[in-house]
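What follows is a single structure, written as structure tokens, with notes after it.
Every read-out reported here was derived from the displayed coordinates using simple, explicitly stated rules and does not represent laboratory data. The structure presented is a predicted model; accordingly, all values stated were derived computationally and were not measured. Note: ideal-geometry Cβ built from the backbone for every residue, glycine included; neighbour counts use all protein chains shown.
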Amino acid sequence: MNPVDERMIKFIREHHIFTLATSNNNKPYTSTCFYVYVESLNMFVFTSDKTTKHIMDVVDQSYVAGAIALETSVIGKIRGIQFTGEIKELAGKELSTAKKAYLMKFPVAALMKTTLWGIMPDFIKMTDNRLGFGKKLIWRLEETK
């Protein structure tokens with residue numbers, strides 16, 4: 001697999017909330033979720049109840065988008081990530097690995113009944129104005145041929 005740029009990984013790990021965008025019947029919806037990035041799986045992991053609108057949306061349309069942003073008004077410090085990928089409910093070995101990582105970052109989640117979901121990105125774009133105004137770093141999942 002094509003490795004994700006370390007600068008992207010560092011930024012993703014520095015944050016813990018992403019905006020998730022879903023769609024159903026051509027109607028978009030966004031939600032905000034706590035996440036952990038599991039590098040060994042190249043996966044964003046979050047918990048959400050199966051009855052939430054965003055999870056009900058992904059039953060019919062599993063391709064989603066997300067964004068992570070650094071909140072700053074200093075133009076030269078603007079950084080952010082946009083990504084797309086497939087979402088799925090985690091099971092088996094992936095669930096075990098993801099749950100360990102999620103509980104390490106959010107130990108309070110151990111007190112709740114949780115369903116863990118994973119987003120396997122196929123595209124990540126990072127804007128980092130510290131590298132030059134509007135500088136973009138792009139990562140794409142290599143397609144197998």
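A compact table of results
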{"item": "Note, ³J(HN,Hα) from phi for segment 34-47, Karplus 6.51, -1.76, 1.60, rounded to Hz, x at Gly and Pro", "result": "6, 9, 10, 9, 9, 4, 4, 9, 6, 9, 8, 10, 8, 10"}
{"item": "FRET efficiency, residue 49 to residue 141 (Cβ-Cβ, R0 25 Å, nearest 0.05)", "result": "0.30"}
{"item": "Exposure proxy order (Cβ contacts within 10 Å, fewest to most) of 90, 70", "result": "70, 90"}
{"item": "Gain upon complete extension [residue 125, residue 5; 0.36 nm per residue less C-alpha separation]", "result": "42.2 nm"}
{"item": "Listed residue pairs exceeding 19 Å between alpha carbons, taken from 50/99; 10/77; 27/125; 50/93; 10/88", "result": "27/125; 50/93; 10/88"}
{"item": "Charge-dipole axis of segment 6-140 as Lys and Arg at +1 and Asp and Glu at -1 on Cβ define it, positive-most pick from 96, 117, 73", "result": "73"}
{"item": "In nm, spacing of pseudo-spin labels at residue 25 and residue 61 (7 Å Cα→C-beta vector)", "result": "1.2 nm"}
{"item": "Largest-first ellipsoid semi-axes for the chain, taking √(5λ) over the Cα gyration tensor eigenvalues, angstrom", "result": "25, 17, 17"}
{"item": "Taking the chain and dividing mean pair separation by its residue count, relative contact order in percent (alpha carbons under 8 Å, at least six apart)", "result": "25 percent"}
